[in-house]
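Notes for the one structure printed next.
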């Protein structure tokens, strides 16, 4: 027994040393390139996304019309989107969803089953792929999503899209991208400063659905060594530097760019989400500019604690509540 305990302790010490050495190696390499850290983050996120997608499959309807990998930009292998809709002749209110992944990971397939669930509620839903960092940097995804909207307008009949009833949506990093695209649509001067063309009319963008987003680059700091490593990796990859310049930080911080023209917005974070302060700051700005908005918030002491991306867990009461509130909001702003 004593030998077994000693061997176990030895194994644990070896694992601990290995983790510490790996973290140290990543930190050192990170001073040269973010790629090693990005690959670690992608591996972790991909595993979580696969688990979430598998759980959502049980809730997804199987009788939808689907168009997969439709090219909205033939010049980029990432310029693809998926469309899901009920088998109806008329165009439907359309939800265009931008996936998350800390700007360095993720793909449209991660949210496909959730979009199938939403489509089953009577909408056309669209999952948009975009180029991730560090291979592509800010504002490339913002420009790509704007391009995807133009493609949907051009092919509305074929894809079952109602071009006058569009709702932008996103989760995590995708929520930030979706919100920034909404700024482009509703503020021509802002679009001009970014040099991004948008074809969607402001009156056609009926609303925004934003979950667990990172809307404020000024809040980009970790509460732990691991958090700091993660955030520095994401920012360096997406913005080009963990110590990004003030102009870029302000340009991408949604609350600082808000105006009364911003579309009606539904926002929700988990009470245990590290990005909760981002949502609270956004709500404050929406209040300040008198923008129509709804917020699904949970008490600080809510149990179980609801973490990042809680809304994708449709086996939980809170996840189902978030879905029902989302559907009700989309119907309200598109009726």
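Extending 7 Å from the Cα toward the beta-carbon at both residue 154 and residue 35 defines two label points whose distance is 3.3 nm.
Suppose only helical runs count, i.e. DSSP H with n ≥ 4. What mean residue ellipticity at 222 nm does that imply for the chain under -39500 (n - 2.57) per run, divided by all residues and rounded to the nearest 500 deg cm²/dmol?
-15000 deg cm²/dmol
Each DSSP beta bridge with both residues in the chain is either parallel or antiparallel, and the antiparallel ones are about 25%.
Peptides 146-159, 87-100, ordered by how many other C-beta atoms sit within 10 Å of their residues on average, highest first, read 87-100, 146-159. Note on the chain: with a GNM built from Cα contacts shorter than 10 Å, the maximum mean-square fluctuation among 175, 247, 133 falls on 247. With a ≥ b ≥ c the root eigenvalues of the C-alpha gyration tensor of the stretch 221-335, is it rounded (a/c under 1.5), prolate (a/b larger than b/c) or oblate? In terms of gyration-tensor shape, oblate.
Mean-square fluctuations from a GNM of the chain, with a 10 angstrom spring cutoff on Cα atoms, peak among 173, 71, 182 at 71. The length gained by stretching the chain between residue 71 and residue 131 to full extension, at 0.36 nm per residue less their Cα-Cα distance, is 20.2 nm.
Report the residue, chosen from 202, 163, 188, that carries the largest GNM mean-square fluctuation when the chain is represented by alpha-carbon nodes joined by springs under 10 Å. Between 202, 163, 188, it is 188 that shows the largest mean-square fluctuation.
Kirkwood hydrodynamic radius computed over the stretch 34-334 comes to 19.0 Å, based on all pairs of distinct alpha carbons.
Taking a ≥ b ≥ c as the square roots of the eigenvalues of the Cα gyration tensor of the stretch 31-186, is the shape rounded (a/c under 1.5), prolate (a/b larger than b/c) or oblate?
oblate
So in the stretch 32-189, what percent of DSSP beta bridges are antiparallel if you round to the nearest 5?
Expressed as a percentage, antiparallel bridges in the stretch 32-189 total about 45.
Averaging sequence separations of C-alpha pairs under 8 Å and six or more residues apart, then dividing by the length of the chain, give the relative contact order as a whole percent.
Numbers: 612 pairs, mean separation 49.5, N = 335.
So the answer I get is 15 percent.
Full extension of the chain between residue 87 and residue 225 gives 44.7 nm of extra length, using 0.36 nm per residue less the Cα-Cα distance.
Shape class for the stretch 272-335: oblate, because the ratio a/c of the largest to smallest gyration tensor axis (alpha-carbon atoms, square roots of eigenvalues) is 1.5 or more and b/c is at least a/b.
Quick note: the coordinates plus some simple rules give every number you see, no bench work behind them. These figures come from a predicted structure and were not determined experimentally. FYI the Cβ positions are ideal-geometry reconstructions off the backbone, even for glycines, and counts take in every protein chain you see.
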